[in-house]
Structures are given as structure tokens and as C-alpha cells.
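Working notes for the structure below.
The values are calculated or read from the model by the stated rules, or taken from the named source; none is laboratory data. Quantities reported herein were computed from a predicted structural model and do not represent experimental measurements. Positions of Cβ are backbone-derived with ideal geometry, glycine not excepted, and every protein chain shown enters the neighbour counts.
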Amino acid sequence: MTYSVIYLIDCSKSMNKDEGLEDMITSKLNLVKKGILDLIANGKAFKEGDKIAVMGFKQKQLGAVKMVPVVPLQSYTPSLATDPAIKESVSKLVGEGGTPIARAIRETITLLMDEPIGKKGIMLITDSSENSGEDPRLVVYDALLNGVRIDIVGLGTPADDPTLKPLAERTGGRYSTVVTPQDFDKAIVWDRFSGNAFDDIFFVAYNYAQLKGEARKIEEERAAGRLGDPLYSARKSEVAAKIEALKPEIAKKLSELHAKLDSLKASLNEPINQLIEMNSRLKRREIDADGYFEIAAPIEEKVGRINCEIAMVQQLLDSLNNSK
């Protein structure tokens with residue numbers, strides 16, 4: 001399955017230091033800049049059809065967030081790896097001001113509004129929690145309503161950070177705390193679904209792809225003169241029969257997955273409406289933030305789980321459709 005991912009980089013003043021990291025001879029921001037450029041240059045973390053963007057954020061005035069566009073949202077292509085404009089934009093990122101995480105995430109969510117639900121996310125890279133007055137956990141609501149998953153890479157942050165960890169986990173994302181360049185390089189790779197619950201479907205798709213590849217290889221060997229007529233006909237017929245035998249199974253799995261997807265989307269209605277009501281009460285000041293978190297947390301976790309399942313099913317649908 002393809003994803004649209006925005007890498008959201010903390011460019012606050014504290015990112016100029018190496019505090020919290022091990023054996024570093026450079027700043028946290030320089031570590032991030034090198035890691036992002038290496039990720040884009042390597043290209044192995046991305047699939048055809050993936051979209052990526054890079055955005056910095058900081059705070060210069062109390063309560064105001066300054067977004068720093070680096071790489072606009074676009075399809076990943078090998079040409080990005082050698083684009084001098086990207087290298088220049090990333091290298092110009094400077095650490096200054098505060099860390100308005102909540103406002104930065106809200107701004108970033110708006111950039112993903114037109115991307116499919118379950119196929120979009122934010123990779124937040126930061127060295128601290130919010131220090132601009134708003135609890136980042138409040139943006140879980142915005143992320144869930146828009147189907148945006150938030151992964152967080154904490155540079156030397158606590159493993160059980162009370163705001164960053166719930167922010168990631170309640171949106172179905174992953175919270176990682178890193179202290180070395182090696183940890184960082186692994187953490188910024190977008191985590192695609194893989195699990196045992198649908199191994200049979202992956203097995204069908206894999207077998208079909210293998211057979212299609214074998215069929216192409218037979219034709220290539222025939223064209224190169226390495227395969228005589230009798231053997232060519234026998235192998236071609238054998239592979240074609242296996243491919244045809246798998247088609248009904250693929251059609252059955254596709255039907256089951258479409259039904260599952262419809263059911264999951266329908267199951268979102270009630271908890272989403274509950275969150276909307278809770279958020280309205282918070283805005284009307286009928287409850288405070290602590291009261292909101294107490295009631296909303298289990299609902300947010302439920303929505304996050306459903307969104308994760310939707311993403312899983314969509315990935316499986318893509319896998320089977322690509323096998324056809």
C-alpha cells in the first residue's frame with residue numbers, strides 16, 4: 001500500500017544541542033538533516049506511488065507557529081535523491097524559538113486533507129514535549145477525524161513521555177525514543193503493516209506474483225533462444241494453469257476484504273460522533289482538559305484501532321489488486 005507521509009521536524013532552539021544523545025559530536029538538528037537526506041537519497045524506504053514532504057516548525061512569537069516548507073508533498077521518484085534544491089532547503093533549517101507541537105500538527109493535517117484516509121501520516125521528529133501552552137494530546141481528535149496516523153521520533157525523550165507517547169499510540173502510530181544515529185535512521189522509516197492475522201491473503205498474493213514473474217521469465221528465455229519449442233510449450237501451459245487456478249481464490253479474498261472494509265468504516269460512526277460531542281463540550285468549557293482526556297482517551301484508542309484495521313485491509317486490497 002502506498003502512503004502520503006509528511007516529515008515534521010522540530011526546529012526549536014533546543015535542537016541546536018546534543019543533550020539526550022549518546023557520543024554525539026553534532027547537534028540534534030544536524031543529525032535530523034543528515035538522516036532525512038540519507039533517507040531520500042537511499043530510496044529503499046519508499047514504494048512507487050508514495051508521496052512525501054518535509055516540513056520544519058518553530059515558534060517565534062508566543063502562541064504562533066512558524067511552518068518552514070522544505071519539500072512540498074509530491075510523489076517519490078529517484079530524481080528526488082539528486083535534487084540539489086532539496087539538499088539546499090534541508091541544510092538551511094535553523095533551530096530557534098519554542099516547540100509548538102500541537103499547532104504544527106494541526107497545520108500539517110490540513111496539508112493531508114485530500115489524501116485517502118488510512119493512507120496518510122505524519123512523522124514528528126522532536127526533542128521535547130510542547131512548551132507553547134497547548135497539550136498535544138488535544139490534536140488526537142483532529143488526527144482521528146481525518147484518518148491521519150502520527151508516528152513520533154523522540155530525540156532523547158523519555159520512553160514513557162506522558163504527552164508524546166499517547167499522541168502517537170491513540171492515532172495508531174508508533175512512538176520511538178532514540179539516542180544514536182543508528183537508532184534514528186531506523187526510526188524514521190515509515191512502518192508499513194505486517195502481521196499474522198492475514199497471512200493467508202499475503203500468501204495468495206505472493207504466490208500469484210511469483211507465478212506471473214515465472215511466466216515473464218519463460219517468455220524472456222524463449223525470446224533469447226534459450227528455450228526450445230517443446231519445453232517452452234510445456235512450461236508455459238503449466239504456469240498458465242496454476243495462474244488460472246488462483247484467480248477464483250483472489251476474487252473470493254477481494255470480496256471478503258471489501259465487506260470487511262465497509263463494516264469497519266460503519267463501526268467508526270458511533271465513536272466519532274462521541275468524540276465530536278466531547279470536543280464540543282470542551283470548547284463550550286463544560287469540561288476542562290483533564291475531564292476531556294479521561295472520557296475521550298478510551299474512545300480515541302478505539303477509533304485508532306479501527307483506523308489501523310482499515311489501513312491493514314486497504315494494504316491487503318492493494319496487494320491483491322496488484323497481483324491481478
Exercise. Given the residues 103, 137, which is the only one that is touching an Asp or Glu at 6+ places or on another chain (Cβ under 8 Å), in a helix (DSSP H, G or I) and buried (at least 21 other Cβ atoms within 10 Å of the Cβ)?
Worked result: 103
For this session: State whether one or more residues within the stretch 278-294 are assigned to a helix (DSSP H, G or I), within 25 Å of the chain's Cα centre (by Cα), modelled with pLDDT under 95 and crowded, with 18+ Cβ neighbours inside 10 Å.
Result: yes
Seminar exercise, completed: Counted residues in the stretch 142-157 being crowded, with 23+ Cβ neighbours inside 10 Å and out of contact with any strand residue (DSSP E or B) (no Cβ under 8 Å at 6 or more places or on another chain) come to 1
For this session: Could you list all residues from the stretch 87-100 that are buried (at least 19 other Cβ atoms within 10 Å of the Cβ) and aliphatic (A, V, I, L, M)?
Result: 90, 93
Exercise. Among all residue pairs at least 6 apart or on different chains, which show Cβ distances below 9 Å where the first residue, located in the stretch 28-43, is at negative phi and the second is among the acidic types (Asp, Glu) and in a helix (DSSP H, G or I)?
Worked result: 35/185; 38/185; 39/185
Problem set entry | So residue 117, is it in a helix (DSSP H, G or I) and among the β-branched types (Val, Ile, Thr) | no
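Kindly indicate whether any position in the stretch 20-27 is touching a helix residue (DSSP H, G or I) at 6+ places or on another chain (Cβ under 6 Å) and under 22 Å from residue 88 (Cα atoms).
Within the stretch 20-27, the first condition is being touching a helix residue (DSSP H, G or I) at 6+ places or on another chain (Cβ under 6 Å), and the residues that meet it are 27.
Next, only the ones that are under 22 Å from residue 88 (Cα atoms) stay: 27.
Taking every residue of the stretch 20-27 in turn, at least one turns out to be touching a helix residue (DSSP H, G or I) at 6+ places or on another chain (Cβ under 6 Å) and under 22 Å from residue 88 (Cα atoms).
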Seminar exercise, completed: When the stretch 1-33 is checked residue by residue, the ones that are assigned to a helix (DSSP H, G or I) and over 20 Å from the mean Cα position of the chain (by Cα) are 13, 14, 15, 16, 28, 29, 30, 31
Exercise. Looking only at the stretch 109-135, which residues are under 23 Å from residue 273 (Cα atoms) and either at pLDDT 90 or above or in contact with a His (Cβ under 7 Å, 6 or more places away or on another chain) (or both)?
Worked result: 109, 110, 112, 113, 114, 115, 120, 121
Problem set entry | Residues located in the stretch 34-56, provided they are assigned to a helix (DSSP H, G or I), aliphatic (A, V, I, L, M) and out of contact with any Lys or Arg (no Cβ under 8 Å at 6 or more places or on another chain) | 36, 39, 40, 41
Exercise. List pairs: first in the stretch 175-187 and at negative phi and buried (at least 19 other Cβ atoms within 10 Å of the Cβ), second aliphatic (A, V, I, L, M) and at pLDDT below 90, Cβ under 7 Å, 6+ apart or cross-chain?
Worked result: 177/159
Exercise. So which of 320, 275 is at pLDDT below 95 and assigned to a helix (DSSP H, G or I)?
Worked result: 320
Exercise. All but one of (1) closer than 15 Å to residue 128 by Cβ; (2) touching a Cys at 6+ places or on another chain (Cβ under 7 Å) hold for residue 68; which doesn't?
Worked result: (1)
